[in-house]
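Just below is one structure, and these are the notes that go with it.
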């Protein structure tokens, strides 16, 4: 099964699960894939569901709700906000890690100009977080 079919399967399985959603193990089991592959499929499903290409389909927020500790197609704006906040927490921790890398690089090798691509990526990540 290719990655897009697996992402579509995530949506189908969560749709069938209804408002109660599925925990991590149950979702991986329903898809018949290991945990990491399941999480990658949920990521792709979330992107595709947020911007559906099928005429008449409505955008959906798909992801992990830390309050219920389950994966869902969001049932309310509050649940959508929790799913979004959870995803943003990963961005924040990743950005903190990259900042620590840059600091360690400077401490270890001194003030050497950071490559343009790295500077641009950091600038864009920080700007997105501010929004």
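Here is a list: 58, 128, 97. Which entry is modelled with pLDDT under 85 and within 29 Å of residue 3 (Cα to Cα)?
128
Just wondering, is there one or more residues in the range 41-58 that are under 28 Å from residue 123 (Cβ atoms), over 12 Å from the mean Cα position of the chain (by Cα) and exposed (fewer than 11 other Cβ atoms within 10 Å of the Cβ)?
yes
Looking at (1) farther than 25 Å from residue 7 by Cα; (2) out of contact with any helix residue (DSSP H, G or I) (no Cβ under 6 Å at 6 or more places or on another chain), which is the only condition residue 83 fails?
(1)
Could you tell me whether any residue of the range 87-94 is at positive phi and out of contact with any helix residue (DSSP H, G or I) (no Cβ under 7 Å at 6 or more places or on another chain)?
No: zero hits.
Scan the range 1-24 residue by residue and report those that are within 15 Å of residue 38 (Cα to Cα) and out of contact with any strand residue (DSSP E or B) (no Cβ under 8 Å at 6 or more places or on another chain).
Result: 1, 2, 3, 4, 5, 6, 7, 8, 9, 12.
Out of 84, 91, I need the residue that is in contact with a strand residue (DSSP E or B) (Cβ under 9 Å, 6 or more places away or on another chain) and either assigned by TED's automatic domain parsing to the domain that holds residue 20 or surrounded by 10 or more Cβ atoms within 10 Å (Cβ to Cβ) (or both). Which one?
Answer to the check: 84.
Which residues, counting only those in the range 71-81, are surrounded by fewer than 20 Cβ atoms within 10 Å (Cβ to Cβ) and under 14 Å from the mean Cα position of the chain (by Cα)?
Answer for the range 71-81, where residues must be surrounded by fewer than 20 Cβ atoms within 10 Å (Cβ to Cβ) and under 14 Å from the mean Cα position of the chain (by Cα): 80, 81.
The values are calculated or read from the model by the stated rules, or taken from the named source; none is laboratory data. It should be emphasised that the depicted structure is a prediction, and the values quoted were computed from it without experimental measurement. Don't worry about glycine lacking a Cβ; one is built from the backbone with ideal geometry, like all the others, and counts go over all protein chains shown.
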